[in-house]
Amino acid sequence: MADKIDVLLVGPKKPVIVDGLSSAFNLHILADAKDKDAFMAGLADRIRGFAVSVSSERIDGPLMARFPKLEIVSTFAVGYDHVDAKWAGERGIVVTNTPGVLTEEVADTALGLLLCTVREFPQAERYLRAGKWLERPYRLTPATLRDRTVGLVGMGAIGQAIARRLDGFKVPVVYHSRKPRAGVPYKHYPDLIAMAQDVDILLTIVPGGPGTQNMIDAKVLDALGPDGIFINMARGSVVDEPALIKALQEKRIMSAGLDVFVNEPDVPKELLAMENVVLFPHLGSGSVATRRAMDRLVVNNLLAWGSGKDPLTPVPEAPWPPKKRV
């Protein structure tokens with residue numbers, strides 16, 4: 001086995017990842033170690049690749065620095081704010097993520113969350129289960145998708161997939177991003193506040209990280225207004241959560257649908273208590289088929305690199321071919 005490359009699995013032992021890597025690499029599983037620090041110290045001079053099986057594992061500079069021969073971090077998830085990709089890229093370490101294979105699933109979930117929030121489907125289902133329909137019909141929902149415009153915050157692959165679905169619903173779409181997207185037919189707003197003022201529903205689908213930290217703040221929510229609906233399919237960090245809670249409590253916006261939270265899986269009790277909020281437990285890509293496809297892409301990035309080919313999905317901050325180590 002000495003001729004095989006040593007790879008460290010960080011995170012749960014997912015069968016697709018373990019089975020996919022075990023025959024091609026010397027796979028070392030951190031989850032099996034009783035003393036993780038000692039385990040990593042013993043492998044420090046051998047590990048050349050990381051397989052990261054879950055986005056809740058923090059892969060920062062100090063961790064990567066423990067492995068001087070590290071060349072690649074192949075991580076699960078589209079969002080890779082759990083990996084210090086800038087640090088890695090500056091040191092010639094390639095970082096890959098798992099885009100593409102989850103685009104349609106996340107877009108489906110976004111539409112589901114949007115419909116649930118606008119038409120109060122979860123609330124209506126709870127009403128029926130509580131036997132209240134026997135007493136009187138559920139109320140007419142004050143909101144509808146008719147005569148509303150959705151403003152997408154972000155227009156990457158998932159944003160475009162969401163927009164295509166909204167086209168089918170005959171719902172107008174506009175979007176905000178740093179720069180207009182080539183080939184996208186929707187109106188671009190360079191200013192987020194201006195877009196929030198002009199739309200009825202704000203839906204975020206941007207990466208996490210310092211560049212988007214708290215971008216949805218009190219000013220944006222006030223611009224959205226008392227008839228506005230906010231949907232978050234991005235990261236909890238994208239929203240100033242206390243400001244969102246206050247805006248909902250004070251009815252400065254109508255309602256919200258949230259798939260992500262700042263301190264997952266802990267959800268603020270204030271949100272749990274509100275009837276005008278729909279809460280999903282980070283369902284985004286959460287189907288068996290899609291998660292398996294994401295796991296396979298973690299494997300395939302490492303297999304390509306290990307065989308001397310280009311990794312399939314390197315991120316911009318830590319690209320392929322790698323920069324010279326510093």
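Taking only pairs six or more apart or across chains, which ones have beta-carbon atoms under 9 Å, a first residue in the stretch 276-289 that is touching a residue at least 24 places away in the same chain (Cβ under 8 Å), and a second residue that is charged (D, E, K, R) and not in a helix (DSSP H, G or I)? Correct list of pairs: ASN276/GLU120; ASN276/LYS251; VAL278/GLU120; PHE280/ASP259; LEU283/ASP259; GLY284/ASP259. The residue list LYS179, LYS170 contains one member that is over 30 Å from VAL83 (Cα atoms) and in a loop (DSSP other than H, G, I, E, B), which is LYS170. Sort out which residues of the stretch 76-114 are hydroxyl-bearing (Ser, Thr, Tyr) and either closer than 21 Å to PRO319 by Cα or part of a loop (DSSP other than H, G, I, E, B) (or both), and write them in order of number. TYR80, THR96, THR98, listed by residue number. Flag not set for ASP227, criterion: over 21 Å from THR103 (Cα atoms), of a type outside the set (Phe, Trp, Tyr) and outside any loop (DSSP other than H, G, I, E, B).
Taking GLU105 as the residue in question, decide whether it is among the charged types (D, E, K, R), farther than 27 Å from PRO311 by Cα and buried (at least 19 other Cβ atoms within 10 Å of the Cβ). Against the criterion (among the charged types (D, E, K, R), farther than 27 Å from PRO311 by Cα and buried (at least 19 other Cβ atoms within 10 Å of the Cβ)), GLU105 does not qualify.
For the stretch 233-255, the criterion of being touching a Ser or Thr at 6+ places or on another chain (Cβ under 7 Å), more than 18 Å from PRO207 (Cβ to Cβ) and surrounded by 18 or more Cβ atoms within 10 Å (Cβ to Cβ) is satisfied by at least one residue. Among the residues making up the stretch 114-132, those that are among the aliphatic types (A, V, I, L, M) and surrounded by fewer than 23 Cβ atoms within 10 Å (Cβ to Cβ) are LEU115, ALA124, LEU128, ALA130. Whenever a residue of the stretch 244-260 is under 28 Å from SER285 (Cβ atoms), its partners that are of a type in the set (Phe, Trp, Tyr), lying with C-beta atoms within less than 8 angstrom and at least six residues away or across chains, give the pairs LEU244/PHE230; ILE253/PHE230; SER255/PHE230; ALA256/PHE230; GLY257/PHE230; GLY257/PHE280; LEU258/PHE280; ASP259/PHE280. For the stretch 259-311, taking the residues that are in contact with a strand residue (DSSP E or B) (Cβ under 8 Å, 6 or more places away or on another chain) and over 25 Å from VAL10 (Cβ atoms), the one that is surrounded by the fewest Cβ atoms within 10 Å (Cβ to Cβ) is identified as LEU272. When each of THR96, THR117 is tested for being modelled with pLDDT of 95 or more, among the hydroxyl-bearing types (Ser, Thr, Tyr) and not assigned by TED's automatic domain parsing to the domain that holds LEU203, the lone residue that passes is THR96.
Collect the residues in the stretch 209-232 that are surrounded by fewer than 19 Cβ atoms within 10 Å (Cβ to Cβ) and aromatic (Phe, Trp, Tyr), keeping them in residue-number order. Hits for the stretch 209-232: nothing passes. Within the stretch 58-70, the set of residues being assigned to a loop (DSSP other than H, G, I, E, B) and crowded, with 19+ Cβ neighbours inside 10 Å comprises PHE67, LEU70.
Given the condition part of a strand (DSSP E or B) and surrounded by fewer than 22 Cβ atoms within 10 Å (Cβ to Cβ), answer yes or no: does some residue in the stretch 48-57 qualify? Within the stretch 48-57 (the criterion being part of a strand (DSSP E or B) and surrounded by fewer than 22 Cβ atoms within 10 Å (Cβ to Cβ)), the answer is yes, since at least one residue qualifies.
The values are calculated or read from the model by the stated rules, or taken from the named source; none is laboratory data. Worth saying up front: this structure is predicted, and the values here are computed from it rather than measured. Note that each Cβ is placed from the backbone with ideal geometry, even for glycine, and that neighbours are counted across all protein chains shown.
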